[in-house]
1. Under the condition of being at positive phi and in contact with a Ser or Thr (Cβ under 7 Å, 6 or more places away or on another chain), which residue from the stretch 235-287 is least open to solvent (accessible area, probe 1.4 Å)?
2. Of all residues in the stretch 66-82, count the ones that are at pLDDT below 95 and open to solvent by less than 10 Å² (accessible area, probe 1.4 Å).
3. Restricting the stretch 83-96 to residues that are closer than 17 Å to MET32 by Cα and of a type in the set (A, V, I, L, M, F, W, C), which is surrounded by the most Cβ atoms within 10 Å (Cβ to Cβ)?
4. If you check every pair at least six apart or on different chains, which have Cβ atoms under 6 Å apart with a residue in the stretch 177-190 that is free of Cβ contacts under 8 Å to residues at least 12 places away in the same chain first and a residue that is of a type in the set (Gly, Ala, Ser) and open to solvent by less than 100 Å² (accessible area, probe 1.4 Å) second?
5. Before we move on, is LEU63 loosely packed, with under 13 Cβ neighbours inside 10 Å, closer than 30 Å to GLU211 by Cα and among the aliphatic types (A, V, I, L, M)?
6. Pick from GLN169, GLN177: which is open to solvent by 50 Å² or more (accessible area, probe 1.4 Å) and in contact with a helix residue (DSSP H, G or I) (Cβ under 7 Å, 6 or more places away or on another chain)?
7. In the stretch 202-227, which residues are open to solvent by 10 Å² or more (accessible area, probe 1.4 Å), in contact with a Gly (Cβ under 7 Å, 6 or more places away or on another chain) and modelled with pLDDT of 90 or more?
8. Does the stretch 146-156 include one or more residues that are aliphatic (A, V, I, L, M) and either part of a loop (DSSP other than H, G, I, E, B) or under 28 Å from ARG82 (Cβ atoms) (or both)?
Amino acid sequence: MISQIAIVLFDGFAFGMLLFLLSVGLSVTLGMMNFINLAHGAFGMFGGYVAVTVMRQLGLPFLAALPMAFIAMALLSVLIERSLFRRLYKAGELNQVLFTIGVVFVAAAAATFIFGTVQQVIILPSWLRGSVEFGGVRFGIYRAFIIVVALIITALLVFGLERTRLGAQIRAAVDNQRMAQGLGLDVERVFAITFALGCGLAGLGGALAVEIVGLSPSFGFQMLVYVLIVVSVGGLGSITGSFAGAALLGIGDVAGKYFWPEIGSFLIYLLLVAILLVRPLGLFGKR
């Protein structure tokens, strides 16, 4: 029983770290820009396709494909933010929801046209395959790799927000956008950088998720529900909240499917309702 619990906690935490990478950008974007970007999952999907493509067509190793996915989605997000999304910043929430969910449909159709509907696979290097035994329990090496990557990125994000000039500008824009503009802060530039960073992390999360959840044109819709739940539970604009919410929901989802398969698929929604009843703004949300 102890070994089963250890495996569930480990696998659940690894899945939670995937959700964190996919959702943290949306949490910060929503919290700072008040922009409801339901197309966030589409950046994760195309990040996965970028990783698969550069590995197959260019022969790049897996570790080189991951930053390629991040950079490609960050650059794509700058183009889309400047040409499309920026026009919706002052629009109502309904307009933002309808437009961005339409972008998800377009992205799914484009992925189907270019890559087809077949599930994509990624070839991991030999040192990331298999498992290692610790304390009589075998843990997947790739899941451990995901956890390490997520922890490193979390540390970099926290350091960047708390210890750098850009982080101070982001926090100022979050706390009071009008005051920040009055003090001469280029809020639009800060928005663009933050948006690119969030979408780049979604692309990285999508590349890492191929081995765990698969990759198909429905990826944007499939992960959108999880991403929105993480953002709601963690609280808007909070990296700590996104991390805690993703870890909690990842463990809860895996534990439910493992120990109570009859209701496992619904446990994550029960957790969402229970947490929001007690903390309507999320675990670390301020508004």
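1. GLY282
2. 2
3. That would be PHE85.
4. Correct list of pairs: ALA180/ALA172; ALA180/ALA173.
5. Spelling it out, LEU63 is indeed loosely packed, with under 13 Cβ neighbours inside 10 Å, closer than 30 Å to GLU211 by Cα and among the aliphatic types (A, V, I, L, M).
6. After applying the criteria, what remains is GLN177.
7. LEU204
8. Checking the stretch 146-156: at least one residue is aliphatic (A, V, I, L, M) and either part of a loop (DSSP other than H, G, I, E, B) or under 28 Å from ARG82 (Cβ atoms) (or both).
The values are calculated or read from the model by the stated rules, or taken from the named source; none is laboratory data. Values in this document were obtained by computation on a predicted structure and should not be read as measured data. Using ideal geometry, Cβ is built from the backbone for each residue, glycine included, and neighbour counts are taken over all protein chains shown. For accessibility, only protein heavy atoms count, side chains too; no ligands or nucleic acids. Shrake-Rupley method; radii C 1.70, N 1.55, O 1.52, S 1.80 Å.
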